[in-house]
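For reference, the structure is listed below as structure tokens.
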Amino acid sequence: MLQASSSSQPHRIVWVDVLRFLAIFMVICIHCADPFNVSSEARSNPEFNFWGSIYGSFLRPCVPLFVMITGLLLLPVNMPIQSFYKKRLLRIAVPFLVWSVLYNLFPWITGVLGLSSAVIADVFAYASPDASQSFGDAMTNIALIPFKFNVYTVPMWYLYMLIGLYLYMPFFSAWIEKANLSQKKIFLGIWGITLFLPYAYAFFSQELFGLCAWNSFGTFYYFAGFNGYLLLGYYLAKDVKEWNWVKTVGVAVPLFAIGYIVTYIGFKSITANPDCTEQEMEMFFLYCSPNVVLMTIAVFLIIRRIRFTSPGWVSLFSNITKCGLGIYLIHYFMVGFSYGIANILSIPISVKIPVTAIIAFAISWGVVAFFYRFIPKVAKWIFG
């Protein structure tokens, strides 16, 4: 089911490169939407709330697409577990630590430069306008990097999760190699049930399926989480025959529409209350939810049908894939600066999120590509 891209790069799967580019850009868009959605002040502005809901809901497939790509490319794991851990964990561990340190040092650096602490909130949407600029607080945050991220390192949550998936994959792979198609479908079916649990806990009871004060692992715990996306990516790419365009569009469009409508209406209704908690605000934005899964499958199916034969396009998307982790690591720095550029250009609110994302993506890609082009040995360690 996985087709090589072209004779010039026979080992590339171009549609996967396109999917990765789309996922990267959507992640940047989501972080460009944060100023519209994070604060109660922004959500109380009808125009901000409307466009934040429109774009925020549309962009939810981003992280699930990353995980599905991981599943379809790396499963089954065809190397010794020690080699897999060394190859995969080392590639992300060093850049993860480098950028976590840099992000946490930024507030202190603003103080050294004599800048107002308000600059920190301009760069990081979740930061307080009176954020600490002390070196001691920066060192405390750095010491906690192995255990948690913070308001300055929000995108790093994904790398904590990805490290967990890498640790898990060799064991999951052993099952996948032996599982037949029916068993994979049953797993995905049970995983599908777990996607409804956040809503069940929120609207019915926190004590369902065995959950209680002394047990955090309910009936469906062992099937829950991003591992389902690993299998879903593998299953759709390798076990499901590719459809023609008519069937693909006929299935994908309704799936995306249903997922989007549920996500938008749910998010908009909850954020109508300016005092809603962050947990309430994120409920319909959860990546492991039925509405987001529907949108994710739709995007995956559509992109899988795309064909690029031009060597120029193949090379372009190949380069974005090469720079992908670096773009992800650096883009959060660029979002705030890109908003400044968008404001200078007087970009209308209705398109400020995608325009800001385009600027942030272009700058991030340019910086990472420059390093890979001129100092590749350094780039390998700081960008993966």
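Only the coordinates and a few stated rules stand behind these numbers; no lab work does. Please read all numbers here as calculations on a predicted model, not as lab measurements. Positions of Cβ are backbone-derived with ideal geometry, glycine not excepted, and every protein chain shown enters the neighbour counts.
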(request) Filter the chymotrypsin sites (Phe, Trp or Tyr not before Pro) in the range 130-161 down to the DSSP loop ones having no more than 10 other Cβ atoms within 10 Å, then list what survives. (result) Phe147
(request) Beta carbons within 10 angstrom, averaged per residue: use that to sort the peptides 285-292, 115-122, highest first. (result) 285-292, 115-122
(message) Checking the a/c ratio against 1.5 first, then a/b against b/c, what shape does the Cα gyration tensor give for the range 14-383?
(response) rounded
(request) List every DSSP H helix in the chain whose Cα atoms extend 15 Å or more along the helix's own long axis and whose mean Kyte-Doolittle hydropathy is at least -0.5. (result) 14-37, 46-58, 62-74, 81-112, 157-178, 181-194, 227-238, 245-271, 290-304, 311-344, 349-374
(message) Please give me, ordered by residue number, the GluC sites (Glu not before Pro) of the range 222-321 that lie in loop per DSSP and have at most 16 other Cβ atoms within 10 Å.
(response) Glu242, Glu282
(request) Compare the Cα positions of Ile382, Ser315, Val151 along the charge dipole of the range 14-383 (+1 at Cβ of Lys, Arg; -1 at Cβ of Asp, Glu; about the Cα centre) and return the one farthest towards the positive end. (result) Ser315
(request) Report, ordered by chain and residue number, the lysines lying within cross-link reach of Lys184, taken as a straight Cα distance under 22 Å and ignoring same-chain residues fewer than 8 apart. (result) Lys238, Lys241
(request) Within the range 142-243, report the trypsin sites (Lys or Arg not before Pro) that DSSP leaves as loop and that have at most 15 other Cβ atoms within 10 Å. (result) Lys148, Lys241
(request) Just list whichever of Lys86/Lys178; Lys86/Lys380; Lys87/Lys178 have alpha carbons separated by over 18 Å in the model shown. (result) Lys86/Lys178; Lys87/Lys178
